[in-house]
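Input: a single structure, listed below in structure tokens.
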Amino acid sequence: MSSFVNKINRLIILVFALAPFVGYLSTTLFNIGWNSLFFALFFLSVLLIILSILITNKKVNISGYTIFFFFFLVYTIVSDLYLADKDFTLQYIYLNRLISSFFILFIIDNITFTKRFIIRLPIIFIFVFICSFLVIVYQEVIDFRFMTIRDYSLTGPVYDRRLHSIFSATGANISLGLTVVPYLAILVNLNLVKGKRALSLFFMIIGGIVVLLSKWRWIMLNYFLLFFIYIRSTASIFKSIILIIMVTTVISFAGYYISKGIGLPVDDIISNRIFEHNREGGLSNMTAGTRIFAFYIFVKLFPENPWFGKGRSHSFGGDSGDETLLRELQGRTSQIHVGYLSLLYYYGIFGGLLYFIFLYKLSFSIFLYSKKAGFLGIFYGFLGFILMNFTEVNFDILQPGVIMILVFNKYNKQNYITKSNVLSYY
């Protein structure tokens with residue numbers, strides 16, 4: 001791969017790390033959605049890589065998980081065309097986030113990352129992280145519509161008003177959860193490696209406030225995974241448990257009193273949003289009830305099309321061509337609100353198996369090389385992506401935090417292969 005092509009692709013990845021701002025500006029100033037913008041950039045990157053490979057007569061690098069994601073992508077396109085009766089138009093192509101996801105996987109497989117590039121990334125993470133904190137506090141205290149492009153879940157009482165900070169243009173809660181938490185995982189682990197424990201705790205406290213104010217419980221669960229970063233590989237199980245309890249206690253109390261001190265309605269959020277003490281009608285009327293309802297619908301409808309699925313003709317927040325599913329939902333929820341059940345319902349056992357193999361291979365790669373590097377924060381940051389689909393529905397990887405996890409994983413892998421496990425982040 002030529003040096004020029006590597007530099008261009010690394011620059012595009014740097015821009016993607018700033019996607020919340022780039023997406024907001026492209027949408028508000030030019031009315032260009034961030035999906036379309038980054039599809040064009042990734043498509044250009046792939047063309048440059050292929051051209052460079054042809055000119056230099058080098059081999060194409062494709063990891064095992066990229067291959068299975070490609071198979072899954074092809075299957076979803078066939079399913080969309082023949083089962084969901086969608087049109088294969090230019091708009092379908094550039095708005096298909098699975099296609100863009102494959103592009104970025106291919107790009108990362110075929111470029112190299114320098115130590116200098118990796119050192120720069122945490123600077124961007126800190127900038128995005130601090131901005132997300134300042135904006136979400138401003139939204140909570142002063143103007144909840146600030147930097148908000150769409151309304152999403154902004155109605156209702158303050159404690160139930162979901163906030164998205166700077167991520168309104170790039171996917172709202174999905175983007176917030178899959179950017180803030182992975183960025184935080186890398187920053188915390190990096191500072192622990194450097195011996196800066198106080199700074200790692202500072203990031204955890206600020207991150208905890210961002211997650212709490214977002215009021216999305218799946219993001220809160222992902223956040224708590226990060227406490228495992230504080231476990232030392234050489235520590236006993238007992239010492240590890242004590243350490244996690246101590247760190248959790250310090251961060252929880254500090255975050256609570258800081259939030260109270262700056263006038264945030266933390267008590268209402270904890271009582272009425274997290275534990276839903278104000279809800280009447282039992283579990284079925286709680287938001288957790290939609291997940292239980294998802295299992296009921298799945299068990300009833302999945303046997304009708306178990307192998308190849310029904311096709312994804314139903315869309316969250318849009319028109320539905322799946323009258324059977326729409327009738328069963330009864331207006332109680334917008335979709336089968338468990339991602340892996342939706343995956344099997346839409347694409348069947350065959351399509352689901354392709355995606356599960358992709359997840360397994362990618363997870364194993366991240367765990368293997370992050371463990372060899374002594375930098376398991378990368379793995380915990382990615383684990384949130386896997387857990388997300390137990391409560392949300394999202395199959396693409398096109399979020400800054402997930403992509404940066406893959407970038408660090410590639411850096412781990414190339415250093416392990418070329419430098420005999422001499423890995424360095426600073």
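Return yes or no: is Val22 under 30 Å from Phe364 (Cβ atoms), β-branched (Val, Ile, Thr) and out of contact with any Gly (no Cβ under 6 Å at 6 or more places or on another chain)? Judged against the criteria, Val22 is not a match. Counting residues in segment 227-235 that are out of contact with any helix residue (DSSP H, G or I) (no Cβ under 6 Å at 6 or more places or on another chain), in a helix (DSSP H, G or I), modelled with pLDDT under 85 and surrounded by fewer than 22 Cβ atoms within 10 Å (Cβ to Cβ) gives zero. Selection of first residues in segment 320-332 that are at pLDDT below 70 and of second residues that are charged (D, E, K, R) and part of a loop (DSSP other than H, G, I, E, B), restricted to Cβ pairs under 7 Å at least 6 apart or on distinct chains, gives the following pairs, ordered by first then second residue: Gly321/Asp85. Pairing residues of segment 215-230 that are farther than 10 Å from Tyr380 by Cβ with residues that are at pLDDT below 85 and among the hydroxyl-bearing types (Ser, Thr, Tyr), at Cβ distances under 7 Å and at least 6 apart in sequence or on separate chains, gives Trp218/Thr391. Consider segment 47-60 and keep the residues that are at pLDDT 90 or above and surrounded by fewer than 17 Cβ atoms within 10 Å (Cβ to Cβ). The one that is nearest to Ile99 (Cα to Cα) is Leu47.
Which of the following residues is out of contact with any helix residue (DSSP H, G or I) (no Cβ under 7 Å at 6 or more places or on another chain), under 20 Å from Val22 (Cβ atoms), in a helix (DSSP H, G or I) and not acidic (Asp, Glu): Phe127, Phe133, Phe117? Explain how you work it out, then say what you get.
Working: Phe133 fails: out of contact with any helix residue (DSSP H, G or I) (no Cβ under 7 Å at 6 or more places or on another chain); Phe117 fails: out of contact with any helix residue (DSSP H, G or I) (no Cβ under 7 Å at 6 or more places or on another chain).
One residue alone meets the criteria, Phe127.
Restricting to segment 113-137, name every residue that is surrounded by 15 or more Cβ atoms within 10 Å (Cβ to Cβ) and more than 15 Å from Leu176 (Cβ to Cβ). Phe113, Phe117, Ile118, Leu121, Pro122, Ile124, listed by residue number.
Results for (1) of a type in the set (D, E, K, R); (2) in contact with a Phe, Trp or Tyr (Cβ under 6 Å, 6 or more places away or on another chain), shown as yes or no for each residue.
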{"position": "Lys371", "(1), (2)": "yes, no"}
{"position": "Gly374", "(1), (2)": "no, no"}
{"position": "Gly381", "(1), (2)": "no, no"}
{"position": "Gly384", "(1), (2)": "no, no"}
{"position": "Thr391", "(1), (2)": "no, yes"}
{"position": "Val402", "(1), (2)": "no, yes"}
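Of the listed requirements (1) more than 21 Å from Val407 (Cβ to Cβ); (2) buried (at least 19 other Cβ atoms within 10 Å of the Cβ); (3) among the aliphatic types (A, V, I, L, M), Ala17 misses just one: (1). When restricted to residues that are touching a residue at least 24 places away in the same chain (Cβ under 8 Å) and at negative phi, segment 52-92 contains 26.
Considering (1) within 30 Å of Phe129 (Cβ to Cβ); (2) modelled with pLDDT of 90 or more; (3) over 22 Å from the mean Cα position of the chain (by Cα), the lone condition that Asn96 does not fulfil carries the number (3).
In this structure, is Ala198 small (Gly, Ala, Ser), at pLDDT 85 or above, over 15 Å from Leu163 (Cα atoms) and more than 16 Å from the chain's Cα centre (by Cα)? Please lay out each step first, then the result.
On the way: small (Gly, Ala, Ser): yes; at pLDDT 85 or above: yes; over 15 Å from Leu163 (Cα atoms): yes; more than 16 Å from the chain's Cα centre (by Cα): yes.
Yes; evaluated as a whole, the condition is true for this residue.
With respect to the conditions (1) more than 25 Å from the chain's Cα centre (by Cα); (2) more than 24 Å from Asn409 (Cβ to Cβ), Ala40 lacks only one, and its number is (1).
The values are calculated or read from the model by the stated rules, or taken from the named source; none is laboratory data. From a predicted model like this one, the values you see are computed outputs, not experimental measurements. Counting neighbours? That spans all protein chains shown, and the Cβs are built from the backbone with ideal geometry, glycine included.
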